[in-house]
Amino acid sequence: MSTNVLAGIDGSKHTACVCDYAAWAARQLSASLVLLNVTHKPEPTLLYNMGAASSLSAQDSVQAELADIDKKRAELAREQSKLILEQASEHIQQAGYPAPRTISREGRLVQALEQYDDYADLVVLGRRGNNEDDSPERLGSHVEQVIRTTDKPLLLTDGDYSPPQRIMIAFDGSDTTRKCVEYVADSALFKGLECHVVMVAGPSEEKKAQLEAARQLLEDKGHKATAALLQGEVKKNLLAYQEKQNMDLMVMGAYGHSRIRLWLLGSITDLMLQESHKPMLILR
């Protein structure tokens with residue numbers, strides 16, 4: 001069965017970064033790369049008559065012109081989508097990767113991605129898109145929707161591309177974060193990468209044992225693995241560790257226990273995704 005990496009692109013200035021990380025992931029996974037561009041499906045422009053019957057002919061004339069404009073707008077959107085995909089494909093090939101497959105769809109990104117649930121093994125998106133500003137306090141609305149709906153591993157990019165060398169797994173001992181460790185340990189995506197498992201919790205023997213088990217699993221699978229047990233406020237400690245240890249990518253579960261659970265699909269999206277400015281892989 002073939003492996004596929006699906007990258008959603010919109011032609012914004014973030015597109016190159018999405019393409020670079022998606023191409024890197026495809027190479028790591030020995031997968032095919034597919035680029036998806038989704039254009040908005042405009043509603044037809046309607047003109048309602050509120051006057052006398054004598055104005056119907058004038059209204060019909062205006063309505064016909066509006067219909068022509070709508071048709072032209074749709075044609076231009078398709079041409080723009082084609083151009084976006086062509087430029088992205090060329091960017092990827094210039095970086096030394098094989099030519100990706102390209103797909104253009106009309107509608108909403110979330111609905112388009114749902115069509116590929118059984119097709120994509122990894123989805124790559126930018127944290128912000130064409131319609132969002134670059135304020136670090138803002139997260140693209142499409143990202144929030146996709147996080148809530150997809151069950152695929154979701155790699156969210158930000159800033160400039162840098163090939164990942166060191167990754168950080170936010171770990172709290174829950175089933176979800178244990179699955180994160182197992183995914184990292186087994187996936188070719190992380191082959192050759194240094195792994196740090198970081199827990200923010202009280203220094204109990206149970207927590208220490210959970211953390212050591214996670215580290216040992218990664219080491220058994222051939223990773224250079226480091227474990228860190230930190231005390232204090234979760235977000236502050238994770239961000240500080242990420243910066244101090246120069247982590248290239250963070251791995252987190254979409255659901256968790258304890259304080260970490262409060263972030264994901266809520267505070268985690270609004271805090272870590274905004275404040276870390278590093279790529280993040282979200283797993284269910």
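Scanning the stretch 79-98 for residues that are open to solvent by 60 Å² or more (accessible area, probe 1.4 Å) and either of a type in the set (Ser, Thr, Tyr) or closer than 17 Å to LEU125 by Cβ (or both) yields a single hit, HIS91.
Cβ separations smaller than 6 Å between residues 6+ apart or across chains give the following pairs from the stretch 190-210 residues that are in contact (Cβ under 8 Å) with a residue 12 or more places away in the chain to residues that are among the charged types (D, E, K, R): GLU194/ARG166; GLU194/LYS224; VAL197/ARG215; ALA201/LYS207. Screening the stretch 53-170 for strands (runs of 3 or more DSSP E) wholly inside it with 2 or more residues that are among the hydroxyl-bearing types (Ser, Thr, Tyr) and either at pLDDT 85 or above or under 20 Å from SER32 (Cβ atoms) (or both) returns the ranges 101-106. Scanning the stretch 178-191 for residues being touching a Lys or Arg at 6+ places or on another chain (Cβ under 9 Å) and at pLDDT below 95 gives a total of 1. One residue stands out in the stretch 188-210 among those that are buried (at least 17 other Cβ atoms within 10 Å of the Cβ) and not aliphatic (A, V, I, L, M): the one that is nearest to LEU283 (Cα to Cα), namely PHE190.
Please go through the stretch 211-249 and pick out each residue that is basic (Lys, Arg) and open to solvent by 90 Å² or more (accessible area, probe 1.4 Å).
Taking the stretch 211-249 and keeping what is basic (Lys, Arg), we get 215, 221, 224, 235-236, 244.
LYS221, LYS224, LYS236, LYS244 - these are the residues of the stretch 211-249 that are basic (Lys, Arg) and open to solvent by 90 Å² or more (accessible area, probe 1.4 Å).
Take LEU218 and tell me if it is in contact with a Pro (Cβ under 9 Å, 6 or more places away or on another chain) and either at pLDDT below 95 or closer than 24 Å to GLU243 by Cα (or both). No, not satisfied.
The values are calculated or read from the model by the stated rules, or taken from the named source; none is laboratory data. Bear in mind the structure is a predicted one, so any value in this text is a computation, not a measurement. All Cβ positions, glycine included, derive from the backbone under ideal geometry; neighbour counts span all protein chains shown. Side chains are part of the model used for accessible areas, which takes the heavy atoms of the whole protein and leaves out ligands, DNA and RNA. Shrake-Rupley method; radii C 1.70, N 1.55, O 1.52, S 1.80 Å.
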